[in-house]
Structure formats: structure tokens, C-alpha cells
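Contents: one structure, followed by commentary.
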Amino acid sequence: MQLKPVKNRLNVGGTGNPRRELIYCDDVAEAIVQTLEKYEDVKIPLNIGFDEDYTIREISEKIAEITGFTGEILWDTTRVDGQFKKLLDSSRMKNFDISVTKTPLEQRIS
């Protein structure tokens, strides 16, 4: 079943339950600079992560709130959710005293 776009309605695929990690581009840039200064073992990959994830439902509702969308969010459960959780293991980053500024979700989306 394909949902048709309707004014004041946002169709989102899946249940909204899977979790995703978001990281603000300025925070990544800052972490990359720190990595270039402190990390020398280029043979071993280093994940730059935020260590925090949100459900797709939370992200969608926050975007609606920030943009002033007052319509209905419909979850198209006929579409697959995909991988349930996508959160990087950034423990190696901490071992080298590389930190990521945690810009709040509200500021990252606005």
C-alpha cells in the first residue's frame, strides 16, 4: 500500500522504533582536527561518534516541533525498519583523549 502525500501529513516508512546516531558536522570537524593532532596509528580505523542515539520516531517528532509542523505523522509499517540500531563504537577515540562536543539535537536540526 503506497500512501499518497496529503497536506498536513508526513508519511514515514517503518515503525519509527529503530535507533540512529546523529552527529553535527561542526562536532565532526572538531573531532577530526583533534584526531589529526593526537592519533598516529593510521593502520587501525577510528570511529568518531556521539555515543548517543535516538529513535527515528523521536527524530521525526523533534523535526516537526522545530519546524512548526502541526500535521499528523503517519508510520507506514508496510515498509521495513532496516537495521534496528546503528551506533558507532567510539571507545578507541576516548583512549586517545579525543572528544566530541555534544551539540544538542535541537541545535543540530534547527
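A few points about this structure:
- Nonlocal amide H pairs with G13, under 5 Å, H built at 1.01 Å: D76
- Looking at the chain, the accessible area is 68 square angstrom per residue; that uses a 1.4 Å probe and ignores ligands, DNA and RNA.
- Evaluated over the stretch 10-62, the Cα radius of gyration and Dmax, each in Å: 15.4, 46
- As a fraction of the 1.4 Å probe accessible area of the chain, surface on carbon and sulfur atoms comes out at 53 percent.
- Global geometry of the chain, whether rounded, prolate or oblate, following the gyration tensor of its Cα atoms and the 1.5 cut on a/c: prolate
- Rounded to the nearest 10 degrees, the inclination of helix 25-38 to the longest alpha-carbon principal axis of the chain is 20 degrees.
- Between 0 and 90°, nearest 10: helix 56-67 axis offset from the chain longest Cα axis: 80
- Pairs of lysines in the chain whose Cα atoms sit within less than 18 Å of one another amount to 5, provided the residues are eight or more positions apart or on different chains.
The values are calculated or read from the model by the stated rules, or taken from the named source; none is laboratory data. Remember, it's a predicted structure, so these values are computed and weren't measured experimentally. These area figures cover heavy atoms from the full protein model, side chains too; ligands, DNA and RNA do not enter into them. Shrake-Rupley method; radii C 1.70, N 1.55, O 1.52, S 1.80 Å.
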